[in-house]
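*Asks:* This structure is in C-alpha cells; I'll ask about it shortly.
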Amino acid sequence: MSNVIATLPAHHAAASDWRHKIKPLREQTAIRDRWLTERLATILPEVMREEGIDVWLVVAREYNEDPVLMSLLPATMLSARRRTVLVFHAPADGEFRAMAIANAGIGIDSHYRTMWNKSMTAEAEETQEECLRRVVAECSPKRIGVNVSADLAFGDGLSHHEHGWLMSALGDGLAGLCVGAEKVAVGWLERRLPVELDAASGINQMAHGVIAEAFSSRVTHPGVTTAADLAWWLRQRTQDVGLSCWFHPTVSVQRRGQNLGDIGASPDLVIRPGDLLHCDYGLHYLGLATDTQQNAYVLRPGEVEAPVGLRRALQVANRQQDLLAAQMVAGRTGDQILAATLAAMREEGIEGRVYSHPVGTHGHGAGPFIGRYDRQDGVPGVGQLPLVPNTMFSFEMFIETRIPEWDDQQVKLATEQIVAFRDETITYLGGRQTEFHLIA
C-alpha cells in the first residue's frame with residue numbers, strides 16, 4: 001500500500017509572497033522547452049513501445065488543434081500553422097525520431113526534424129501528402145497510431161476531415177496499418193518528468209497563496225463582500241500576478257440556520273460573521289494546472305477559532321484524503337481505487353463522495369478517473385485506466401456531517417488537493433489544508 005508523506009499544512013501566505021517565483025515570460029518559455037526536449041527523449045518513446053505503436057501521427061489545422069498537439073509544440077508556437085503534421089517513430093530497436101511535416105512554426109526546428117523542404121507550397125519539390133507518405137513508408141511501420149477513440153477524449157483529436165485527408169495521403173497500404181493511439185496520447189499527457197513533479201509543489205504553493213489572500217481580512221470584508229466578489233477577485237489576482245485560470249473560480253457560503261442550496265448556489269450572498277466559506281480555484285503556470293478547494297471560517301465577535309464541530313469535520317475530510325491515498329497502488333484501475341476507498345469510508349462511518357481526477361497539462365487531465373460527482377459506481381472508459389507512476393492527481397471529494405454548534409445542521413465540507421504519485425508514495429504538493437483560513 002502507498003505511504004503518505006508531506007502532510008504539512010498548506011502555507012497561509014499571500015499570493016504576493018510567491019511573486020518572486022514567477023519567472024518572466026521568456027524564462028518560462030525556456031523552462032517549458034527544456035522539459036519538452038526531455039519528455040520527447042524519454043516519456044514518448046517509452047509509451048509508444050509499451051503500446052506497440054512504432055509510428056504515431058498527430059495531424060491538426062490552425063485553430064482546430066488536436067487536444068494533445070499543443071503539449072507537443074514548443075512554447076513559442078501558440079497554434080498549429082496551416083496544417084501541422086507530427087510524425088513520431090519509435091522502432092523496437094533503433095533511434096527514436098520526432099519529425100515535422102508542416103509550414104514553418106517559430107521554434108519547431110529546435111525539437112523536430114523538418115522533413116518537408118519548401119519555401120512556398122507551389123514551389124515545393126513534393127506536396128505535403130507526398131512527403132508524409134514517403135516519410136511514413138521509410139519507417140517500415142507495423143502499426144501506425146492515429147488519434148481516434150470512442151472512450152478517451154484525449155485520444156480522439158483527429159477531426160473528421162483530417163482523418164479523410166490523412167487516409168488519402170497515406171494510401172491504401174499504409175492506411176490499413178492504422179490503429180487508435182488513445183493509450184499513447186494518454187500516456188504522453190499523464191506522465192511527468194521528475195523535475196516537473198518537483199516544480200509542481202511550488203506551483204501549488206502559488207495557488208494556495210492566492211486562496212489565502214482571498215480568504216483573509218485584507219480582501220474579504222464581512223457585511224460587504226459577496227461570494228461572487230471573491231470569485232472575481234481570485235481570477236483578477238491571478239491575472240495581475242501574470243498567471244491564468246483554466247476555469248472561472250467559485251466561492252460558496254454555508255450558514256447556520258439557513259439552507260442556501262448546494263455549494264455554489266448563492267453567489268450574490270453577502271458574507272457575514274459565522275459563515276463557512278468554500279472556494280474552487282485552478283491556475284496554469286509552466287504548462288501545468290492546479291485544482292484546489294479550500295475552506296474558511298468568518299469569525300463572530302469574541303471568537304478566535306472555528307467551532308469545534310467544524311474543526312473536527314476538517315479532520316474527517318483529511319482522513320478521507322488519506323483513505324484514498326492508501327488505495328493508490330500502481331496497476332489498479334480508477335474504478336478499483338474508488339470502490340476500495342468508498343468501502344474504507346463506510347468502515348469508518350464517513351459519509352461523502354470521491355470524484356478525483358488526473359491533472360497535468362489539462363486541469364481535468366489524462367489518466368484514470370476515480371469516480372465522478374454523479375458516478376460513485378465507476379466511470380466508463382476512463383475509470384478502467386490503470387494508475388501509473390510519475391503522475392499527478394487532484395484529490396477531489398467531500399464529506400457530509402452534522403455540526404453540534406449549528407444545532408446539528410448538516411454541512412458539506414469539500415476539499416481538493418493536488419498530489420504526486422511516485423515511488424509508490426503520495427505527496428501532497430505544496431502541503432494541504434489542515435486548518436481553516438480565519439477571517440476577522
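*Asks:* Please go through the range 298-316 and give me each residue that is of a type outside the set (D, E, K, R) and either farther than 26 Å from Phe395 by Cβ or touching a Gly at 6+ places or on another chain (Cβ under 8 Å) (or both), ordered by number.
*Replies:* Val298, Leu299, Pro301, Gly302, Val304
*Asks:* Limited to the range 299-310, what total is found for residues that are assigned to a helix (DSSP H, G or I) and surrounded by 15 or more Cβ atoms within 10 Å (Cβ to Cβ)?
*Replies:* So the count comes out to 2.
*Asks:* Another one. Could you tell me which of the residues Ala102, Ala75, Ala80, Ala90 is more than 21 Å from Tyr63 (Cα to Cα), buried (at least 19 other Cβ atoms within 10 Å of the Cβ) and assigned by TED's automatic domain parsing to the domain that holds Ser140?
*Replies:* That would be Ala90, the only listed residue that is more than 21 Å from Tyr63 (Cα to Cα), buried (at least 19 other Cβ atoms within 10 Å of the Cβ) and assigned by TED's automatic domain parsing to the domain that holds Ser140.
*Asks:* When you look at Ile53, is it within 25 Å of Ala207 (Cβ to Cβ) and modelled with pLDDT of 95 or more, yes or no?
*Replies:* Here the answer is no, as Ile53 does not meet what is asked.
*Asks:* Considering only the range 209-224, I want to know if a residue exists there that is in contact (Cβ under 8 Å) with a residue 60 or more places away in the chain, assigned by TED's automatic domain parsing to the domain that holds Leu385 and over 30 Å from Pro273 (Cβ atoms).
*Replies:* no
*Asks:* Please find, among Arg255, Arg272, the residue that is buried (at least 18 other Cβ atoms within 10 Å of the Cβ) and within 24 Å of Glu400 (Cβ to Cβ).
*Replies:* Just a single option satisfies the conditions, and that option is Arg255.
*Asks:* Turning to a different aspect of this structure: Exactly one of these conditions fails for Leu277: (1) outside any loop (DSSP other than H, G, I, E, B); (2) within 21 Å of the chain's Cα centre (by Cα). Give me its number.
*Replies:* For Leu277, the failing item is (2).
*Asks:* What do you reckon, is Ser266 of a type in the set (Ser, Thr, Tyr) and in a strand (DSSP E or B)?
*Replies:* no
*Asks:* Given the condition out of contact with any Cys (no Cβ under 6 Å at 6 or more places or on another chain), at pLDDT 95 or above and farther than 24 Å from Gly287 by Cβ, answer yes or no: does some residue in the range 385-396 qualify?
*Replies:* yes
For every residue, the table says whether it meets (1) more than 16 Å from the chain's Cα centre (by Cα); (2) among the aliphatic types (A, V, I, L, M); (3) more than 30 Å from Asn259 (Cα to Cα).
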| residue | (1), (2), (3) |
| --- | --- |
| Thr361 | no, no, yes |
| Gly367 | no, no, yes |
| Ile370 | no, yes, no |
| Pro380 | yes, no, yes |
| Pro389 | no, no, yes |
| Met392 | no, yes, yes |
| Asp407 | yes, no, no |
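Conditions tested, residue by residue: (1) in contact with a Leu (Cβ under 9 Å, 6 or more places away or on another chain); (2) assigned to a loop (DSSP other than H, G, I, E, B); (3) surrounded by 24 or more Cβ atoms within 10 Å (Cβ to Cβ).
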residue: Ile337; (1), (2), (3): yes, no, yes
residue: Ala344; (1), (2), (3): yes, no, no
residue: Gly363; (1), (2), (3): no, yes, no
residue: Gly383; (1), (2), (3): yes, no, no
residue: Phe393; (1), (2), (3): yes, no, yes
residue: Phe398; (1), (2), (3): yes, no, no
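*Asks:* So if I check each of Thr250, Thr238, which one is surrounded by fewer than 19 Cβ atoms within 10 Å (Cβ to Cβ), over 30 Å from Phe88 (Cβ atoms), hydroxyl-bearing (Ser, Thr, Tyr) and in contact (Cβ under 8 Å) with a residue 24 or more places away in the chain?
*Replies:* The conditions single out Thr250.
The values are calculated or read from the model by the stated rules, or taken from the named source; none is laboratory data. Please read these numbers as outputs of a predicted model, since none were measured by experiment. Cβ atoms come from the backbone with ideal geometry, glycine included; neighbour counts cover every protein chain shown.
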